[in-house]
Amino acid sequence: MKIKIRQEKQSDFNEVFDLIKKAFITEKYKEPEEQLLVERLRKSNAFIPELSLVAEVENKIVGHILLTKLKIKNGQEEFGSLALAPVSVIPEYQGNGIGGQLIKNAHKIAIELGYESVVLLGHENYYPRFGYKQADTFRIELPFDVPKENCMAIELVHGGLKNVSGTVEYPKEFND
Ligand SMILES: CC(C)(COP(=O)(O)OP(=O)(O)OC[C@H]1O[C@@H](n2cnc3c(N)ncnc32)[C@H](O)[C@@H]1OP(=O)(O)O)[C@@H](O)C(=O)NCCC(=O)NCCS
């Protein structure tokens, strides 16, 4: 399967909306909201256009990933990082490495843009293969009451979280 990863364009927004909705319709997420989160984030200060990527197969958009700016706060100290949320692949195309390619490409671009780490809330069996570790190993906490194995972070560059610790503050659009 030939997969092309590229930056999302404005003309993709409707197709991306539909694909995120489809990806998240499961038993667990009966009324998915993730496509609405992406719409809010695109209009926010946290948005980085280069880090909203789509995956195409035969000119059809089948996957999407978004990384947005967040802060890690520790008292008076504040560190910049990125939130990975969400990543979505249409059910018929899942299991072909598309999610993995989206994540790896997003990491590469984030490094080029000067970012040093990414934080996410996700499946503990999926993200470690890309280098994610439990966030508390970096002394980072997420502001949610969720199992700690689902709170993960990655150093995009060596020592990217060495002098960073604290609680993640997501852009307010995550709470709307
Ligand atoms: C998670 C998701 C983006 C992965 O995309 P993908 O293209 O299917 O992933 P890849 O082909 O790169 O990797 C497939 C692997 O991921 C695993 N995987 C996929 N979804 C998973 C999940 N929800 N939990 C744990 N592992 C999962 C598969 O079991 C497979 O593992 P294997 O390689 O050991 O067999 C996709 O399944 C999806 O859109 N899911 C619904 C939306 C979602 O839950 N997004 C993540 C939350 S932000």
By DSSP, what percent of the beta bridges with both residues in region 4-174 are antiparallel, rounded to the nearest 5? 90 percent
Residue exposure sequence - Ser165, Ser88 - by fewest surrounding Cβ within 10 Å: Ser165, Ser88
Distance cut-off 32 Å, Cα to Cα: go down the list Lys21/Lys104; Lys9/Lys172; Lys2/Lys148; Lys148/Lys172 and report the pairs above it. Lys2/Lys148
Work out which helices of the chain, taken as complete DSSP H runs, extend at least 20 Å along their axis over the Cα atoms and score a mean Kyte-Doolittle of 0.0 or more, then list them. 98-112
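Bear in mind that the values in this text are calculations on the coordinates, not laboratory data. Worth saying up front: this structure is predicted, and the values here are computed from it rather than measured. No Cβ is skipped: glycine too gets one built from the backbone with ideal geometry, and neighbour counts run over all protein chains shown.
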